[in-house]
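The values are calculated or read from the model by the stated rules, or taken from the named source; none is laboratory data. This structure is a prediction, so every number in the text was calculated from the model and none was measured. Cβ placement follows ideal geometry from the backbone for every residue including glycine, while neighbour counts extend to all protein chains displayed. Surface accessibility is based on the protein's heavy atoms, side chains included, excluding ligands, DNA and RNA. Shrake-Rupley method; radii C 1.70, N 1.55, O 1.52, S 1.80 Å.
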Amino acid sequence: MANNRYDVFISYSRIDYKDSNNEPIRDNVISKITSAFKNNNISYWIDENGIYTGDNFAPKIAEAIKNSSVFVFVSTENSNSSQWTQNEVCVAQQYKKPILPIKCDDSAYATSVIMYLAMLDYCDYKNMPDTAIQQLVDSVKDKLPHDAESINYKQTSNDAKYKEAIIASLSDFNHQFVDISQIAISQVLEANGRSRESIDELRKVIDFRYEDSLQGIDRFRNDVHSSIDTLCHIIDDRTSQVCNQLEQYENRIEETNYYLKKIYEVIKSQPEILNITEGSDQIANIIFVIDTSGSMQGKPISHLNKIMYDLINKFYKIFSIKNYIKIRLSVMTFSSVAQWVYDLYLEKDVTSDWANLEASGLTNLGLALDELRRHLSFENGILSDLDNAYPPLVIFISDGSPTDNWEKPLRMLQENQNYQKSFKRVIAIGDDAPLDILSKLSFYEITKIKSAKDMAYAIFDIIRGYINEINAGRIFLLNN
């Protein structure tokens, strides 16, 4: 472990820390965090001087994160919108650093890092500022290295100390041994009769130094054993925590599986809705009521003719329809008069003629509503097959204001039961379309288009929604 490694890297937004004069903002949360770390002897790295403005800031930031044990992210609206803090979170994740968020407001994490932060526990400074700071300190202490590498480093430091002590002791012993030996030899030479006594004294000194060295070795051995015991306890604690978490995850999986089975049983128990009369085709009526007054001249009527031709001859290529469903297309135009110009069943791979519409005359909407009411009765043929007909789709297309009395015909049409059951959609073309009047034709929101070229998208989208509802069995036959 390097000597310059930090306990914590603090990721934050400088806007939350210092003002434009580079002075700390009063009562800012970053200052409170750093003060708490200092009081608890937790070393930290923080960008105090704004190295983001330097040339080599990215390597410095990455190196600081790499050399820190824990990554603290101060979550605020400013930090969650900062690209730099997002990059720092990604680097911390890359180096597999424990990440501790402390949330100071209700702002959401940035989308680029939410997958790293969303499932993490956080300290709630917004609602519990005092408790959150202490909780952050406790969490940092809990996540500081207690692994084998840290213990090996500490043990290596102890080993070095003991080694130095032993070497110093032996060195001192050697010096003393030499000194004592010289003294003893001198005494032997100076006192012939006391040579044995001098040798005995020398043996006592050597025995004393030897015993002292043995005691130092025993102390070293005891420290090694103590360190190994500490490491074993840490491993046991971490293993127990992992097992508890795995057990919680297993319980959640079992609970989820239980509820999924319950949901499946409820769905399976629902009665199947059959919307098919065996042996008979189901008829879906699509009725167009088209304004062909003089205001539709030019591009509107030209685009509409092309759309209707494609709709008639390419219907089964554009829309996916079940085999038992037959499409009956009816088209009524209204200007000075109201008349039906098309009423046929559409068939696959069969080409049908379309007589181009021409625009002229007034906008007699009331005549069209009267004509539609008469044709929505079962006896006239359009809905003659009651048992096999779906509620019809009625599409009104107009760009101008009515020129006749339309209110009474509309009230009479709204009393018609088949019109009540039908699906009614309105397409308003251009800015002059009378939205207040056209909105009375349908309960649904009007489809407004700026130009005639957008008409195809609007028509196909309405029909596709109607067909999808029938295919999914969410629309019932009129006699159900």
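From the residues in the range 278-323 that are of a type in the set (Phe, Trp, Tyr) and free of Cβ contacts under 8 Å to residues at least 60 places away in the same chain, which one is nearest to THR363 (Cα to Cα)?
Of everything passing the filter in the range 278-323, TYR309 is nearest to THR363 (Cα to Cα).
Give me a count of the residues in the range 104-134 that are open to solvent by 50 Å² or more (accessible area, probe 1.4 Å) and either among the β-branched types (Val, Ile, Thr) or on the phi > 0 side of the Ramachandran plot (or both).
Number satisfying all stated conditions: 3.
Could you please give the count of residues in the range 221-242 that are at pLDDT 75 or above and open to solvent by less than 80 Å² (accessible area, probe 1.4 Å)?
6
Could you grab me the full set of residues in the range 380-399 that are over 15 Å from MET332 (Cβ atoms), open to solvent by 10 Å² or more (accessible area, probe 1.4 Å) and modelled with pLDDT under 90? Steps first, answer last, please.
First pass over the range 380-399, keeping only residues over 15 Å from MET332 (Cβ atoms): 384-391, 399.
Restricting the remaining residues to those that are open to solvent by 10 Å² or more (accessible area, probe 1.4 Å) gives 384-388, 391, 399.
SER384, ASP385, LEU386, ASP387, ASN388 - these are the residues of the range 380-399 that are over 15 Å from MET332 (Cβ atoms), open to solvent by 10 Å² or more (accessible area, probe 1.4 Å) and modelled with pLDDT under 90.
Within the range 457-465, does at least one residue satisfy the condition of being farther than 20 Å from LEU304 by Cβ, hydrophobic (A, V, I, L, M, F, W, C), out of contact with any strand residue (DSSP E or B) (no Cβ under 7 Å at 6 or more places or on another chain) and outside any loop (DSSP other than H, G, I, E, B)?
Scanning the range 457-465 turns up no residue that is farther than 20 Å from LEU304 by Cβ, hydrophobic (A, V, I, L, M, F, W, C), out of contact with any strand residue (DSSP E or B) (no Cβ under 7 Å at 6 or more places or on another chain) and outside any loop (DSSP other than H, G, I, E, B).
Which residue pairs have Cβ atoms closer than 8 Å, lie 6 or more positions apart in sequence or on different chains, and pair a first residue in the range 411-424 that is in contact (Cβ under 8 Å) with a residue 12 or more places away in the chain and closer than 16 Å to ALA284 by Cβ with a second residue that is open to solvent by less than 100 Å² (accessible area, probe 1.4 Å) and hydroxyl-bearing (Ser, Thr, Tyr)?
Note: pairs meeting the criteria are ASN418/SER377; PHE423/TYR466; LYS424/SER442.
Tell me the residue from TYR466, TYR444, TYR457 that is open to solvent by 100 Å² or more (accessible area, probe 1.4 Å) and at pLDDT 90 or above, please. Break it down stepwise before answering.
Working: TYR466 fails: open to solvent by 100 Å² or more (accessible area, probe 1.4 Å); TYR444 fails: at pLDDT 90 or above.
Going through TYR466, TYR444, TYR457 in turn, just one is open to solvent by 100 Å² or more (accessible area, probe 1.4 Å) and at pLDDT 90 or above: TYR457.
Can you name the residue in the range 263-286 that is open to solvent by 90 Å² or more (accessible area, probe 1.4 Å) and in a helix (DSSP H, G or I) and, of all such residues, is modelled with the lowest pLDDT?
Taking the candidates together, the pick is ILE267.
Every residue in the range 95-147 that is polar (S, T, N, Q) and farther than 19 Å from SER79 by Cα, please. Full working, then the answer.
The first filter runs over the range 95-147 and keeps only residues polar (S, T, N, Q), leaving 107, 111-112, 127, 131, 134-135, 139.
Scanning the range 95-147 gives THR131, GLN134, GLN135, SER139.
Here are LEU329, LEU372, LEU376, LEU410: which of them is farther than 27 Å from TYR309 by Cα and buried (at least 18 other Cβ atoms within 10 Å of the Cβ)?
So the residue among LEU329, LEU372, LEU376, LEU410 that is farther than 27 Å from TYR309 by Cα and buried (at least 18 other Cβ atoms within 10 Å of the Cβ) is LEU410.
Please find, within the range 287-318, the residue that is most open to solvent (accessible area, probe 1.4 Å) out of those that are assigned to a helix (DSSP H, G or I) and within 16 Å of VAL426 (Cβ to Cβ).
Here the residue is PRO300.
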